[in-house]
1. Once you wrap a convex hull around the alpha carbon atoms of segment 140-234, what is its projected area averaged over all directions, in nm²?
2. May I ask you to derive the relative contact order of segment 244-308, considering only C-alpha pairs under 8 Å and at least 6 residues apart, and to give it as an integer percent?
3. For segment 86-99, in order, what is each residue's ³J(HN,Hα) by Karplus, 6.51 cos²θ - 1.76 cosθ + 1.60 with θ = phi - 60°, in whole Hz (x at glycine and Pro)?
4. Subtract the Cα-Cα distance of D79 and T93 from 0.36 nm times their separation in residues, and report this length gain in nm to one decimal.
5. For segment 266-361, which trypsin sites (Lys or Arg not before Pro) are both in a DSSP coil and crowded by at most 15 other Cβ atoms within 10 Å?
6. Taking H as built 1.01 Å from N, whose amide H comes closer than 5 Å to the amide H of L321, not counting residues under 5 places away?
7. Taking a ≥ b ≥ c as the square roots of the eigenvalues of the Cα gyration tensor of segment 244-308, is the shape rounded (a/c under 1.5), prolate (a/b larger than b/c) or oblate?
8. Using the basic label-point model (7 angstrom from Cα toward the beta carbon), what is the T326 to K207 distance in nanometres?
Amino acid sequence: MSFDISFVLLSRDYKYTNHAPHILINPGNNGTFSSSGNIPNSVFIFRWNALSSSPRLRAMTTTQLPSTAKMYTALSERDSTFDGVFFAAIRTTGIFCRPGCSAKKPRPENVEFYPSAKDALIAGYRPCLRCHPLEPKGAAPEWIERLLQQVEQNPSRRWKDQDLREARFDPARVRRWFLRNHGLTFQAYQRARRLGLAFGQIRLGEKWEGAAYTHGFESTSGFHEAFTRTFATAPNKVSNVAPVVITRLLTPLGPMIAGATAEGVCLLEFADRRMLETQLERVRKWFRSPTVPGTNAHIEHLKMELDKYFTGDLHDFTVPLRLLGTEFQVAAWNQLLEIPYGNTISYEAQARAMGRPGAQRAVGKANGDNRIAIVVPCHRVVKQNGDLCGYGGGLWRKKFLLDLEQGQRELGN
Ligand SMILES: [Zn+2]
């Protein structure tokens, strides 16, 4: 069993700034993105956004770049352990690279460093054809893979900095990578992972005090507190609750958080969306269940369909959905599901189709509360004059999705 639990501490650890949007090109999600075909090149959307006059998206940046000297050294040594930490743009060629790229290295005065591929694109650089800095790699860098493998051999183990050093990992680099890619420290990541395991064990009937001990918690009160905070359920009340499982998926539009009950998918949101935490709370409220890290058949089904959707090979999702909300919201969401792939309608038309002419404002609000992005296609609703207007995940994503569906985007390289 392996799953990604980075969402757990999301809201507390992610910092929003007015910096240009930061897209996690290489979010080391431990292989949760399995692409069966070409992954669309994201150049187009980046360029579009760079040119767009719309207000900048809020960004998620969690760490500062390392010092210029350090980055230049890493670049010269083709140190791929800095992959995902920075991108290097070469003034003389107009190209930007991953740190580990095999291309000839430039002189220090000709290099600019960027925290994300998107920043480099906005500055006018184009991606290197050798190291493909835009390609969302499903897997984490090799050294992180190695570390995660060791963690997974005994996920209940508690790693201290000293343990990392003994296993020949640099704690500072581990910290930086986790902050950058998961928005939380390695220790917090592990703790959340252990909490998730404990949750599973308690559900299987284990006494919670025992589970706390097994998963490396030193005190039962500390465990009780952390557990209650994370799952909104005390560890001694778990057995009668069916949880909503949550997984992080990687898509060409950045990481997304997916959630499902045993009946179907109930959440799909962009990980950098400011509403995410609210949406998770609403899921817990409507489904009267805690959210726990994990996956199930519906999430796997969704993952497969999303993959095909992004390569243009899938038009209609068949994964079962669980839409819980007010009567009006559910009616609006069901109406969204009627809009065919590649089409758009106006809010007015949607309101009329629902038998609520004139209710376009309420319809817009309900669409904005849609918790299953892409699959429940709220991106297919536009203003009457054809303007795209709002989209929770950001206008550039809405534009991307519509272009993709209307065949106006080049796929692949
Ligand atoms: Zn390169």
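Every read-out reported here was derived from the displayed coordinates using simple, explicitly stated rules and does not represent laboratory data. Please read these numbers as outputs of a predicted model, since none were measured by experiment. Cβ atoms come from the backbone with ideal geometry, glycine included; neighbour counts cover every protein chain shown.
1. Projected area, direction-averaged: 6.3 nm².
2. 37 percent
3. Ordered by residue, 3J(HN,Hα) equals 8, 10, 10, 10, 9, 4, 5, 10, x, 10, 10, 9, 6, x Hz.
4. That works out to 3.0 nm of additional length.
5. Loop-located and lightly packed - R274, R288.
6. Those qualifying (amide H under 5 Å, at least 5 residues apart or on another chain) are V265.
7. In terms of gyration-tensor shape, oblate.
8. About 4.7 nm separates the two model spin labels.
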